[in-house]
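The values are calculated or read from the model by the stated rules, or taken from the named source; none is laboratory data. These figures come from a predicted structure and were not determined experimentally. Neighbour counts are summed over all protein chains in view; Cβ atoms, including those assigned to glycine, are modelled from backbone coordinates with ideal geometry. For the accessible areas, the whole protein counts, side chains as well, though only heavy atoms, and no ligand, DNA or RNA atoms are used. Shrake-Rupley method; radii C 1.70, N 1.55, O 1.52, S 1.80 Å.
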Amino acid sequence: MTAVLDAAGGASAPAEVFEAAVAADERIEPRDWMPDAYRATLVRQMAQHAHSEIIGMQPEANWITRAPSLRRKAILMAKVQDEAGHGLYLYSAAETLGTSREELLDKLHAGRQRYSSIFNYPTLTWADVGAIGWLVDGAAITNQVPLCRCSYGPYARAMVRICKEESFHQRQGYELLLALSRGTEAQHAMAQDAVDRWWWPSLMMFGPPDSESSHSDQSMAWKIKRHSNDELRQRFVDICVPQAESLGLTLPDPDLRWNEQRGHYDFGPIDWDEFREVLRGNGPCNEERISQRRRAHEEGAWVREAAAAYAAKHREADA
Ligand code: BYC
């Protein structure tokens, strides 16, 4: 962000500099002045995003040991490892706002910060790995590409690399589902069943309808979000319909049809009661996901201690 001069050539008040930078599509950087509410909104969204990446490792990791071939196993391991990396970039980006990774993880474990609703659903068959890649990563890309133009520099830059990797993930899911769809009758049925179960929760990933989205207006004014929840959800539906046709699979929505006037696909009502229940902690896997996360954190304590001791030893040696 560059300094803005007023008409008399003097420096403007920090709030004006901030507003002018946002209006000019400049990036806000960690040392720049920013409103407290802008900082708090970013910490909330980035933490939720980071938590989603690391909790999102669980449903797919469930299938690593049972992948049907060495090739599929290697691909899945790389993907799950990528999600850990995304969490790391995002926690690091959030730390530039004056919070620590430890503090954010404590809040996740105490249930004081959220992670995406989508990861509270179970992965019942191998085809779910494909459906997650195609639909969940597909929804994530639709939501996250505009975040590469987010007004906060460290978040926007982290998103560039994340989106590149997510696009590999989406393609592996599509390719996996295509192989199943073109396979035996039982394999085709397994792929269809996975799509039937993951379609509606994927649409919920974009958040509540615009009329109920408490943060959208302010986040869009600050150019943290570039599009509303409903706009992105519609974009995702429009992308998926022809892809489902190419896959030879159907989307579980009898109301799905092209609307010539709108130039978009119409789709049926989303079960927002289900979404609210999942957010309240009552989804099929909320308990399991958070307790597994707490356990992993406790079991990793010795690694954190060892890394800290190693860093301290090197600091002493360098002093
Ligand atoms: N799940 O005012 P709104 C991934 C909450 S990771 C849970 O519209 P906002 C991947 C929202 O927090 C995918 N909670 O909020 C990883 C707010 O509650 P609070 C994660 C949700 O922030 C591994 C309330 O509802 N992606 O891709 O303006 C493997 C009102 O909502 C959800 C990101 O995090 C939800 N789905 O918009 C594979 C992307 N939706 O905080 C894939 C970055 C809403 O007031 N985040 N809530 O208590 C965003 O773009 C935005 O935060 C959202 C929500 C669009 C999600």
(request) Run the dipole for segment 164-209 about the Cα centre, Lys and Arg Cβ at +1, Asp and Glu Cβ at -1, nothing else charged, and hand back the magnitude in debye, nearest 20. (result) 100
(request) Distance check, please: which entries in 107/223; 79/223; 73/164 exceed 23 angstrom between their Cα atoms? (result) 107/223; 79/223
(message) Tell me the carbon and sulfur percent of the accessible area for segment 123-187, rounded to whole percent, probe radius 1.4 Å.
(response) 59
(request) Send over a whole-number figure in Å² for the accessible area per residue of the chain, probe 1.4 Å. (result) 50
(request) Note the full-extension length gain between residue 65 and residue 20 as 0.36 nm times their separation in residues minus their Cα-Cα distance, in nm to one decimal. (result) 10.9 nm
(message) Pick from 267, 275, 236 the residue whose mean-square fluctuation is largest in a GNM of the chain, springs joining Cα atoms under 10 Å.
(response) 267
(message) Output the 0 to 90 degree angle, nearest 10, between the alpha-carbon long axis of helix 36-55 and the longest principal axis computed from the alpha carbons of the chain.
(response) 30
(message) Suppose R0 equals 25 Å. What FRET efficiency, 1/(1 + (r/R0)^6) with r the Cβ-Cβ distance, do residue 314 and residue 84 give to the nearest 0.05?
(response) 0.55
(request) Return one number: the angle in degrees, 0 to 90 and rounded to the nearest 10, between the long axis of the Cα atoms of helix 14-23 and the longest principal axis of the Cα atoms of the chain. (result) 40
(message) Can you find, among 63, 303, 319, the residue sitting farthest towards the positive end of the charge dipole of the chain, where Lys and Arg contribute +1 and Asp and Glu -1 at Cβ?
(response) 319
(request) Kindly provide log₁₀ I(q)/I(0) values, in the same order as q = 0.10, 0.14 Å⁻¹, from the Debye equation applied to equal alpha-carbon scatterers of segment 127-285. (result) -0.40, -0.78
(message) Let me spell out the model: positive unit charges on the Cβ of Lys and Arg, negative unit charges on the Cβ of Asp and Glu, origin at the Cα centre of the chain. What dipole size does that give, in debye rounded to 20?
(response) 880
(message) Checking the a/c ratio against 1.5 first, then a/b against b/c, what shape does the Cα gyration tensor give for the chain?
(response) oblate
(message) Under a Cβ-only charge scheme (Lys and Arg +1, Asp and Glu -1), can you give me the dipole magnitude of segment 204-319 about the Cα centre, in debye to the nearest 20?
(response) 620
(request) May I ask which residue of 214, 181, 191 lies farthest towards the positive end of the charge dipole of segment 140-264, with charges of +1 (Lys, Arg) and -1 (Asp, Glu) on Cβ and the Cα centre as origin? (result) 214
(message) 5 Å is the cut-off here: which amide hydrogens, built 1.01 Å from N in the peptide plane, fall below it relative to residue 62, excluding neighbours closer than 5 in sequence?
(response) none
(request) May I ask for the net charge around residue 228, where only other residues with Cβ less than 12 Å from the Cβ of residue 228 are counted and Lys, Arg are +1 while Asp, Glu are -1? (result) -1
